Every structure is written in structure tokens, then in C-alpha cells.
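Asks: Quick one: this structure, given as C-alpha cells, is what I'll be asking you about.
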Amino acid sequence: MSATLIDGKAVAAALRAEVAASAATLSYTPGLAVVLVGDDPASAVYVRSKDRAAHAAGIAAQTHRLPAETSESDLLALVHRLNADPAVDGILVQMPLPKQIRTEAILDAIDPAKDVDGLTPTNAGLLAAGRPGLVACTPAGVMRLLAGQPLSGARAIVLGRSVLVGRPMAALLTMADATVTLAHSRTRDLPAECRRADIVIAGVGRPEMVRGDWLAPGAVVIDVGINRLADGRLVGDVNFAEAEQVASVLTPVPGGVGPMTIACLLDNTLRAARARRG
Ligand code: NAP
């Protein structure tokens with residue numbers, strides 16, 4: 001068997017076009033504020049892509065670049081200013097933050113109505129309770145890639161339990177009536193757990209950890225991982241060449257989940273703008 005690949009770039013482009021078309025019908029320009037603390041090169045790349053994609057979709061993006069030594073209270077002051085700014089509909093503070101800043105303190109300060117990353121305790125809690133709110137972008141993107149796959153009653157396994165990926169992913173799959181196993185670094189016999197699943201979502205940050213013989217024939221496999229190898233290659237958490245022989249559907253890295261994250265950020269910004277401004 002050779003798996004059908006899901007073209008995340010194409011699905012993301014369609015969503016970005018949808019957001020742009022909706023934004024063009026509004027009487028105001030939705031605003032997105034992105035905050036970058038420090039000079040982590042990967043974060044700088046993400047922030048530039050977010051800025052470009054927002055402008056292309058008719059969203060006014062402003063990027064706030066702060067030095068690596070910024071104090072927690074200075075960052076909190078900026079978040080409070082952005083919370084109060086009526087032109088700002090969405091706030092995204094790029095993670096990871098320098099170690100003198102407590103991530104929880106910043107997330108607690110972001111107005112949940114502007115939390116387009118879906119990471120505040122309010123939005124994470126609403127999702128856990130199965131209630132509407134702003135949903136974390138990467139798992140929201142995965143759900144869009146899974147559109148058309150039978151989820152109701154399916155056995156799904158999510159590898160990784162981070163606040164950013166695994167936990168919201170498990171909640172979304174549960175809401176879609178899948179039977180979900182949330183696995184992590186202490187899970188016993190992970191290959192056997194994976195082999196039981198119809199749907200495998202890998203978000204662990206371990207290059208090519210999921211091998212072909214971990215998968216049930218015909219499994220649907222979504223690879224969230226983005227890992228840079230020493231030789232410069234970008235690979236996922238799934239061994240692509242092996243998985244392609246066993247899975248029925250598979251996402252590539254790059255070009256699978258990655259592009260969906262930014263597209264969902266734009267979608268969340270539009271949702272937040274509509275909800276705030278009516
Ligand atoms: P994270 O916060 O480091 O969490 C990793 C999770 O994986 C943890 O729950 C950890 O378990 C689990 N884990 C680690 N090693 C494991 C192992 N050997 N077996 C089973 N579970 C293991 O990472 P993250 O932020 O969720 O990101 C995960 C991956 O997704 C990374 O490659 C990241 O680059 C990628 N990512 C991609 C996008 C995108 O746009 N495509 C967005 C975000 C993240 P414990 O909890 O037990 O430690």
C-alpha cells in the first residue's frame with residue numbers, strides 16, 4: 001500500500017483565501033498583535049511568516065519585538081496595553097519565552113477574547129469542557145486535515161500531551177466522537193498502543209520516532225512534528241518512508257500540518273474580531 005498524502009499547503013491556502021474573502025466584507029480591518037521576545041531564529045522566522053500571511057489576508061498585523069532581557073513586568077505591561085487597544089482583536093505571544101518570564105503569568109494576562117493562540121486557561125478550559133472558545137491553532141489545523149476521515153467511533157491515539165498540541169488535540173478528537181488515547185513519555189509499550197489505533201497523531205518532537213511497524217495497516221497518520229536534523233533536513237515525528245507503505249493517509253513534513261497552523265491563526269483572528277465587534 002502507498003498512502004495518500006494530504007497536501008497541507010493546499011488546504012491552508014484555501015483557508016487563507018476564505019479568511020481574506022471574509023475579512024474583505026467587514027467594515028473594519030481585524031488587527032493581530034504578535035509579540036516576540038528575544039532573538040531565537042526559529043521564532044523570528046515564524047513571526048515573519050505570521051506577519052506576511054496576516055497582511056495577505058487583509059488583517060492588520062503589528063509585531064512587537066522586545067529584547068531577550070525584557071522583564072516579566074514589562075511584557076505584562078505590553079499585554080495589558082494590547083488587551084485595552086480596540087484595534088487589536090488577537091494577541092499572540094511567541095513561545096518559548098526567556099527564562100526570567102513565567103509563561104503562565106503571561107498566558108493568564110491575555111484577554112481570553114483576544115487569545116488567538118487558544119492557550120489561556122479560559123480557552124483551554126472551555127475546550128476541555130466541550131464548549132465553544134478559541135482553539136489552539138495546530139490542533140485546529142489537524143482537525144481540518146482530518147475532514148472527510150471517519151472519526152466517530154474511531155480509535156485515535158495522540159502522542160504527546162503538551163498544552164500546545166496533545167491536550168487540545170485529544171479534546172477535539174473526543175468532541176468528534178473518537179475514542180482517544182493520550183500517550184506520553186511514560187506510556188508503556190507505545191508501539192502496541194499505536195498499532196491499536198485507526199488514527200495516529202504524532203506531536204512529540206522526536207525525529208522519526210514512529211516506525212512503520214507501529215502502525216495498523218490502513219491507519220490515518222498525521223505528523224505534527226518538526227525536527228531539524230544535524231544535516232539540515234527537516235523531518236517529522238513519523239518515519240515517512242516506512243509509514244507511507246502502511247498508512248492509508250499520511251501528512252508530509254514539511255507541507256502537512258505546518259502551513260495549517262498559520263492559516264488557523266488568521267481564522268482565529270477573524271473569529272475573535274467578529275465576536276468582539278459584532
Ligand atoms: P513538547 O511541549 O516538548 O511536548 C512533547 C510531548 O511529547 C510531551 O508530552 C512528552 O511527554 C511527549 N514525548 C516526548 N518524548 C516521548 C517519547 N519518547 N514517547 C512518548 N511521548 C514522548 O512539544 P510540543 O510543543 O507539543 O511539540 C511537539 C512537536 O510538534 C515538536 O516537534 C514541535 O516542533 C511540533 N510542533 C509543530 C507545530 C506545527 O505548526 N506543525 C506546532 C507546534 C509544535 P511528557 O509529557 O511525558 O514529557
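Asks: Of everything in region 243-253, what is under 30 Å from Ala61 (Cα atoms) and either outside the structural domain of Arg195 (by TED's automatic domain parsing) or more than 9 Å from the ligand (Cβ to nearest atom) (or both)? Give them in sequence order. Show your work before the answer.
Replies: Step one: of region 243-253, the residues under 30 Å from Ala61 (Cα atoms) are 251-253.
Thr251, Pro252 - these are the residues of region 243-253 that are under 30 Å from Ala61 (Cα atoms) and either outside the structural domain of Arg195 (by TED's automatic domain parsing) or more than 9 Å from the ligand (Cβ to nearest atom) (or both).
Asks: Assess whether Asn268 counts as being crowded, with 22+ Cβ neighbours inside 10 Å and in contact with a Gly (Cβ under 7 Å, 6 or more places away or on another chain).
Replies: Against the criterion (crowded, with 22+ Cβ neighbours inside 10 Å and in contact with a Gly (Cβ under 7 Å, 6 or more places away or on another chain)), Asn268 qualifies.
Asks: May I ask you to list the residues in region 168-203 that are of a type outside the set (Ser, Thr, Tyr), part of a loop (DSSP other than H, G, I, E, B), within 13 Å of the ligand (Cβ to nearest atom) and open to solvent by 50 Å² or more (accessible area, probe 1.4 Å)?
Replies: Correct list: His184, Arg186, Arg188, Asp189.
Asks: Evaluate region 150-162: report whether one residue or more is within 16 Å of the ligand (Cβ to nearest atom), under 12 Å from the mean Cα position of the chain (by Cα), closer than 17 Å to Thr251 by Cα and modelled with pLDDT of 95 or more.
Replies: No: zero hits.
Asks: Still on this structure: Considering only residues that are open to solvent by 30 Å² or more (accessible area, probe 1.4 Å) and either at positive phi or assigned by TED's automatic domain parsing to the domain that holds Leu164 (or both), which ones fall in region 114-131?
Replies: Result: Gly130, single match.
Asks: Turning to a different aspect of this structure: When residues of region 219-260 are filtered for being within 15 Å of the chain's Cα centre (by Cα), closer than 22 Å to Ala183 by Cα and open to solvent by 30 Å² or more (accessible area, probe 1.4 Å), how many remain?
Replies: Going through region 219-260 one residue at a time, the tally reaches 3.
Asks: Please state which one of Leu164, Leu134 is in contact with a helix residue (DSSP H, G or I) (Cβ under 6 Å, 6 or more places away or on another chain) and either in a loop (DSSP other than H, G, I, E, B) or among the polar types (S, T, N, Q) (or both). Show your work before the answer.
Replies: On the way: Leu164 fails: in contact with a helix residue (DSSP H, G or I) (Cβ under 6 Å, 6 or more places away or on another chain).
Matching residue, one of Leu164, Leu134: Leu134.
Asks: Among the residues of region 208-216, is any on the phi > 0 side of the Ramachandran plot and assigned to a loop (DSSP other than H, G, I, E, B)?
Replies: The initial filter retains those residues of region 208-216 that are on the phi > 0 side of the Ramachandran plot, namely 208.
Now drop any that are not assigned to a loop (DSSP other than H, G, I, E, B), which leaves 208.
Within region 208-216 (the criterion being on the phi > 0 side of the Ramachandran plot and assigned to a loop (DSSP other than H, G, I, E, B)), the answer is yes, since at least one residue qualifies.
Asks: Would you say Leu92 is open to solvent by less than 50 Å² (accessible area, probe 1.4 Å), assigned to a strand (DSSP E or B) and either touching a residue at least 24 places away in the same chain (Cβ under 8 Å) or more than 21 Å from Met260 (Cβ to Cβ) (or both)?
Replies: yes
Asks: Further, regarding this structure: Quick one: how many residues across region 225-254 are within 18 Å of Arg144 (Cβ to Cβ), β-branched (Val, Ile, Thr) and not in a loop (DSSP other than H, G, I, E, B)?
Replies: 1
Asks: Where residues in region 224-240 are touching a residue at least 12 places away in the same chain (Cβ under 8 Å) and small (Gly, Ala, Ser), which of them is farthest from the ligand (Cβ to nearest atom)?
Replies: Restricting to residues being touching a residue at least 12 places away in the same chain (Cβ under 8 Å) and small (Gly, Ala, Ser), the top hit is Gly236.
Asks: Being assigned to a loop (DSSP other than H, G, I, E, B), modelled with pLDDT of 95 or more and either among the polar types (S, T, N, Q) or open to solvent by 50 Å² or more (accessible area, probe 1.4 Å) (or both), is that true of even one residue in region 34-55?
Replies: no
The values are calculated or read from the model by the stated rules, or taken from the named source; none is laboratory data. On a predicted model such as this, the values are computed, not experimentally measured, just so you know. Methodologically, a virtual Cβ is constructed for each residue, glycine included, from the backbone with ideal geometry; neighbour enumeration extends over all protein chains shown. Surface accessibility is based on the protein's heavy atoms, side chains included, excluding ligands, DNA and RNA. Shrake-Rupley method; radii C 1.70, N 1.55, O 1.52, S 1.80 Å.
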